[in-house]
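The values are calculated or read from the model by the stated rules, or taken from the named source; none is laboratory data. The structure displayed is predicted, hence computed values, not measured ones. Cβ coordinates were reconstructed from backbone atoms using ideal geometry, including for glycine residues, and neighbour counts include every protein chain displayed.
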Amino acid sequence: MSGSKVPAVEPVARGVWLWRGGLMKNMNVYFIEDEGGVTVFDAGEKSMAKGILAVAERMGGLKRVVLGHGDTDHRGSAPGLKGHAPILCHPDAVAQAEGSGGRDYWDMSKLPTGPRLLHRFAHRFVWDGGPVQIDGTVDEGDQIAGFEVVLLDGHAPGLIGLWRASDRVALVSDTVYVTTMWGRPTDAHVPHPAYDLDLAQAKRSAAKLAALDPAVVAVGHLGPLTGAGVRAQLEAAAAG
């Protein structure tokens with residue numbers, strides 16, 4: 001990757017950086033300092049592979065890629081990263097990461113017409129890099145780059161977050177959204193029912209996250225959530 005343009009990243013917490021990439025600059029990929037290199041959490045959309053490798057190279061090298069879950073816009077660049085580092089996810093996310101990318105259980109008919117047309121196009125032509133073979137799995141309680149794996153499923157099977165209790169930092173993939181279906185900022189909420197495997201469980205996972213009382217919630221799109229009202233926002237999402 002020498003000579004490649006390195007995307008700009010921003011600090012989120014000690015040893016954690018965010019790249020807001022993709023066509024609309026709202027696909028979040030996180031770089032976590034990890035023993036001289038970086039662990040990447042989530043893989044954004046398919047166009048982001050070269051940029052991820054360029055950032056990782058500048059930070060000492062890519063050690064592993066951990067998918068928060070297997071949906072198209074989170075596994076997107078993973079096929080392009082395959083061979084550079086192992087691709088990991090929760091055991092329950094393997095089937096979607098290696099298969100349909102969430103399409104097995106989505107019900108796009110629940111979306112309003114505009115977002116439905118936009119998302120169908122974007123999933124197929126913009127976001128998804130296709131199935132990726134998973135090299136290994138991580139489960140609740142495992143340690144990754146100073147973070148603990150937390151199971152936050154419901155939106156997707158095997159959706160995980162990474163939690164660091166020492167400074168109350170949570171990387172949570174799509175446990176909650178802070179964006180509308182058009183990509184505009186909004187209050188925290190669980191993902192739209194069209195995309196949820198189990199809406200009730202998604203709300204329970206939002207409540208589980210709230211109970212950790214995080215100071216920083218680094219989400220999959222836009223964000224992060226910070227400040228005194230984070231727990232209240234998560235509790236409202238769980239109750240919504």
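The figures follow:
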{"read-out": "Residue that is in a loop (DSSP other than H, G, I, E, B) and crowded, with 22+ Cβ neighbours inside 10 Å, where the choices are 44, 60", "value": "44"}
{"read-out": "Residue 34 within 11 Å of the chain's Cα centre (by Cα), at pLDDT 95 or above and buried (at least 18 other Cβ atoms within 10 Å of the Cβ)", "value": "no"}
{"read-out": "Test result for residue 157, under 26 Å from residue 233 (Cα atoms), at pLDDT 95 or above, assigned to a loop (DSSP other than H, G, I, E, B) and not polar (S, T, N, Q)", "value": "yes"}
{"read-out": "Test: residue in the range 193-216 that is under 13 Å from the mean Cα position of the chain (by Cα) and either farther than 25 Å from residue 24 by Cα or not β-branched (Val, Ile, Thr) (or both)", "value": "no"}
{"read-out": "Which listed residue is among the aliphatic types (A, V, I, L, M), in contact (Cβ under 8 Å) with a residue 12 or more places away in the chain and more than 16 Å from residue 86 (Cα to Cα), from 66, 40, 9", "value": "9"}
{"read-out": "Pairs where the first residue, in the range 90-108, is closer than 18 Å to residue 65 by Cα and the second is hydroxyl-bearing (Ser, Thr, Tyr), C-beta under 6 Å, 6+ apart", "value": "91/137; 101/72"}
{"read-out": "Among (1) within 20 Å of residue 215 (Cβ to Cβ); (2) touching a Leu at 6+ places or on another chain (Cβ under 6 Å); (3) among the hydrophobic types (A, V, I, L, M, F, W, C) - the single one residue 126 does not satisfy", "value": "(1)"}
{"read-out": "Failed condition for residue 49, given (1) of a type in the set (Gly, Ala, Ser); (2) more than 18 Å from residue 154 (Cα to Cα); (3) touching a residue at least 60 places away in the same chain (Cβ under 8 Å); (4) part of a loop (DSSP other than H, G, I, E, B)", "value": "(4)"}
{"read-out": "Subset of the range 140-182 [among the small types (Gly, Ala, Ser), over 13 Å from the mean Cα position of the chain (by Cα), more than 16 Å from residue 34 (Cα to Cα) and surrounded by 16 or more Cβ atoms within 10 Å (Cβ to Cβ)]", "value": "154"}
